[in-house]
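Shown next, in structure tokens, is the structure this report addresses.
The values are calculated or read from the model by the stated rules, or taken from the named source; none is laboratory data. A quick note: this is a predicted structure, and the numbers were derived from the prediction, not measured. Virtual Cβ from ideal backbone geometry, glycine too; neighbours counted across all protein chains shown. These area figures cover heavy atoms from the full protein model, side chains too; ligands, DNA and RNA do not enter into them. Shrake-Rupley method; radii C 1.70, N 1.55, O 1.52, S 1.80 Å.
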Amino acid sequence: MTIAVIYGGSRPNGNTESLTKVAIQGLDVEEVYLKDYFIEPIIDKRHAEEGFPEVDDDYNSIINRILPHDILIFSTPIYWYSMTGTMKNFIDRWSQTLRDPNYPDFKAVMSSKKAYVIAVGGDQPYMKGLPMIQQFQHIFDFVGTTFEGYIIGEGNRPDDISQDLKALSAAEQLRRKLQ
């Protein structure tokens, strides 16, 4: 089983990234930092006769990196009670990929994968982060990806996550499961 981690945060070594690193420590994973790529927002052409135009950005290179993997870990800070805009922009583009002749089996390939979500927030994330987890569940259901689980941690300022023993323990348990 191969693993890709898709990081949606904008702060290098932020709380979410740190928690994710606990979960993947010692594992062979491909790490994709969305902040390092240029991804245009989607222009919805689902119902246009001409369909989606080609977009000159880095999105397809990310898709090409993650599609070969069996397990996807979506690592995102909780921004305004949801995933980051960077992560959402990336997932929004799946609408285009679903209709891209270069990826005719996108949904079938995604349906063969397992997914996890790791998220950290600062305003009662164990409760207020749950709608975001439900959103991921709906996304995974739509493309057929098996949602294996999630970890929510609490942290706002740099390195706050080091105080969340519950989240750190959950990350260690996930690492053992993925070994």
* Check region 101-111 and report whether any residue there is surrounded by fewer than 20 Cβ atoms within 10 Å (Cβ to Cβ), more than 18 Å from ILE3 (Cα to Cα) and of a type in the set (Ser, Thr, Tyr). => yes
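Working only within region 125-156, note down all residues that are without any contact (Cβ under 8 Å) to a residue 24 or more places away in the chain and open to solvent by 30 Å² or more (accessible area, probe 1.4 Å).
Result: MET127, LEU130, GLN134, GLN137, HIS138, ASP141, PHE142.
From the residues in region 39-79 that are among the polar types (S, T, N, Q) and closer than 30 Å to GLN124 by Cβ, which one is surrounded by the fewest Cβ atoms within 10 Å (Cβ to Cβ)? Can you show your working first?
Residues of region 39-79 among the polar types (S, T, N, Q): 60-61, 64, 75-76.
After this cut, where a residue has to be closer than 30 Å to GLN124 by Cβ as well, the list is 75-76.
Details: SER75: 30, THR76: 26.
Result: THR76.
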* Asked: farther than 18 Å from LYS21 by Cβ, touching a helix residue (DSSP H, G or I) at 6+ places or on another chain (Cβ under 9 Å) and open to solvent by less than 50 Å² (accessible area, probe 1.4 Å) - does that describe any residue in region 162-179?
  -> no
